[in-house]
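Here the structure comes first, spelled out in structure tokens, and everything after it is commentary.
The values are calculated or read from the model by the stated rules, or taken from the named source; none is laboratory data. In this text, all values refer to a predicted model and were calculated from it rather than measured experimentally. As a convention, Cβ positions derive from the backbone with ideal geometry for all residues, glycine included, and neighbour counts pool all protein chains shown.
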């Protein structure tokens, strides 16, 4: 949206005006970054996934383990056959995270198709979310360039480049020619091979892994 607006209003003016809001959005998704970087790899922390190469990807998350206020009855019905309280809290957490994604409730989040109780939103590094975060980092880098803050511009540009590299490395399935959603199980079992049984992204982002994100 900002990129399109800049074409009409002028790049420097638009980027300078909206940079504070871009940074607020970025801080939301990267809150806890320093703590996450202290953890061993791989790890999940807040809305962050620290990958085996040390880089951070984003995930959908929520701070609460309770039914959503607007869907309290439905969430309790979904959890009614779960006796273990910890498992029930994890279900509520993943329902909240699924709602945060805007894909509530696509089977892309389910471990077992058509079984909402198997939802595992927080265990996934969604490729579409991380593509948007790549664009956010690139846009912030461009904004800092335009207002003549080269050190900050370089920092965000490098962050975007590393995210793009990490998406290609861990989320590209060469056999399917698709980008895939990385699940926690595959993050833990990570190696250099593509993950044949990862959940496919809803969107075919690129045809070739070498194309720019």
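With at pLDDT 85 or above, out of contact with any strand residue (DSSP E or B) (no Cβ under 6 Å at 6 or more places or on another chain) and not assigned by TED's automatic domain parsing to the domain that holds residue 43 as the only criterion, which of 165, 137, 115, 142 stands out? If you could, list the steps in order and put the result at the bottom.
Numbers: 165 fails: not assigned by TED's automatic domain parsing to the domain that holds residue 43; 137 fails: not assigned by TED's automatic domain parsing to the domain that holds residue 43; 142 fails: not assigned by TED's automatic domain parsing to the domain that holds residue 43.
Only one candidate passes the filter, namely 115.
List the pairs whose first member sits in the range 165-179 and is over 16 Å from residue 135 (Cβ atoms), whose second member is assigned to a helix (DSSP H, G or I) and modelled with pLDDT under 80, and whose Cβ atoms are under 8 Å apart, counting only residues at least 6 apart or on separate chains?
If the second residue must be assigned to a helix (DSSP H, G or I) and modelled with pLDDT under 80, the pairs left are 170/187.
Does residue 158 fit the bill of being outside any helix (DSSP H, G or I) and either within 30 Å of residue 11 (Cα to Cα) or more than 13 Å from the chain's Cα centre (by Cα) (or both)? Please lay out each step first, then the result.
Working: outside any helix (DSSP H, G or I): no; either within 30 Å of residue 11 (Cα to Cα) or more than 13 Å from the chain's Cα centre (by Cα) (or both): yes.
Here the answer is no, as residue 158 does not meet what is asked.
Go through (1) at pLDDT below 95; (2) out of contact with any helix residue (DSSP H, G or I) (no Cβ under 8 Å at 6 or more places or on another chain); (3) closer than 30 Å to residue 6 by Cα and name the single condition residue 158 misses.
Residue 158 satisfies every listed condition except (1).
Looking only at the range 136-151, filter to residues that are free of Cβ contacts under 8 Å to residues at least 40 places away in the same chain and surrounded by fewer than 17 Cβ atoms within 10 Å (Cβ to Cβ); which one of those is farthest from residue 57 (Cα to Cα)? I'd like the intermediate steps shown before the answer.
Start the filter on the range 136-151 by keeping residues that are free of Cβ contacts under 8 Å to residues at least 40 places away in the same chain, which leaves 138, 141, 145, 148-151.
Of the ones still in play, those that are also surrounded by fewer than 17 Cβ atoms within 10 Å (Cβ to Cβ) are 148-151.
Working: 148: 28, 149: 25, 150: 24, 151: 23 Å.
Among residues in the range 136-151 that are free of Cβ contacts under 8 Å to residues at least 40 places away in the same chain and surrounded by fewer than 17 Cβ atoms within 10 Å (Cβ to Cβ), the one farthest from residue 57 (Cα to Cα) is 148.
Checking the conditions here, which among 34, 11, 47 is under 18 Å from residue 132 (Cα atoms) and in the same structural domain as residue 137 (by TED's automatic domain parsing)? Outline the logic, then answer.
Numbers: 34 fails: under 18 Å from residue 132 (Cα atoms); 11 fails: under 18 Å from residue 132 (Cα atoms).
That would be 47, the only listed residue that is under 18 Å from residue 132 (Cα atoms) and in the same structural domain as residue 137 (by TED's automatic domain parsing).
Taking the range 63-102, which residues are surrounded by fewer than 11 Cβ atoms within 10 Å (Cβ to Cβ) and either farther than 23 Å from residue 48 by Cβ or modelled with pLDDT of 95 or more (or both)? Write out each step before concluding.
Start the filter on the range 63-102 by keeping residues that are surrounded by fewer than 11 Cβ atoms within 10 Å (Cβ to Cβ), which leaves 63, 69-70, 73, 80-81, 83-86, 102.
Across the range 63-102, the qualifying residues are 69, 70, 73, 80, 81, 83, 84, 85, 86.
Does any residue of the range 130-137 turn out to be more than 29 Å from residue 160 (Cα to Cα) and out of contact with any helix residue (DSSP H, G or I) (no Cβ under 6 Å at 6 or more places or on another chain)? Before the answer, list the steps.
So the first thing to find is which residues in the range 130-137 are more than 29 Å from residue 160 (Cα to Cα), and the list is none.
Scanning the range 130-137, I find no residue that is more than 29 Å from residue 160 (Cα to Cα) and out of contact with any helix residue (DSSP H, G or I) (no Cβ under 6 Å at 6 or more places or on another chain), so the answer is no.
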